[in-house]
1. Checking residue 116 against (1) assigned by TED's automatic domain parsing to the domain that holds residue 128; (2) in contact (Cβ under 8 Å) with a residue 24 or more places away in the chain; (3) in a helix (DSSP H, G or I), only one condition comes out false. Which one?
2. How many of the residues in the stretch 32-81 are touching a residue at least 40 places away in the same chain (Cβ under 8 Å) and in a loop (DSSP other than H, G, I, E, B)?
3. Taking the stated definitions as given, is residue 68 closer than 27 Å to residue 18 by Cβ and either surrounded by 11 or more Cβ atoms within 10 Å (Cβ to Cβ) or under 17 Å from the mean Cα position of the chain (by Cα) (or both)?
4. Please work out if residue 87 is assigned to a helix (DSSP H, G or I), in contact with a strand residue (DSSP E or B) (Cβ under 7 Å, 6 or more places away or on another chain) and farther than 23 Å from residue 26 by Cβ.
5. Does the stretch 10-31 contain any residue that is in a loop (DSSP other than H, G, I, E, B), surrounded by 14 or more Cβ atoms within 10 Å (Cβ to Cβ) and on the phi > 0 side of the Ramachandran plot?
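The values are calculated or read from the model by the stated rules, or taken from the named source; none is laboratory data. These figures come from a predicted structure and were not determined experimentally. Cβ coordinates were reconstructed from backbone atoms using ideal geometry, including for glycine residues, and neighbour counts include every protein chain displayed.
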């Protein structure tokens, strides 16, 4: 199982031309996706076709959609181990702050020599938990603002 990361892990930003191609391709794929169980991709150079399963087409659709918006994408296996810098970039925090989370056992890691590694799956579990807490806090603040008739 792999996940597409947006603007992470040093990938190239798509060119304007690539974004346009991705936009057209993603629209076509999105229309065909609900009906098809298998897909065939034609390789432009020699007309050869390649069969891909529907699950791979879903990943491709997500990648094309992000590229169409000019976003950088990378595919990372969920069992991948990330450096502390990569993990910090995904969370949008500094590397020292991430190391503090590791020291406080808020996020699991392992040492490889003198370097720490964080499992991508553990990182995303942590990220989803803090995102959920953040949304709960925002919902509570919104409810309080409405009770106080602050115009929200």
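1. (3)
2. Within the stretch 32-81, residues that are touching a residue at least 40 places away in the same chain (Cβ under 8 Å) and in a loop (DSSP other than H, G, I, E, B) number 7.
3. yes
4. yes
5. no
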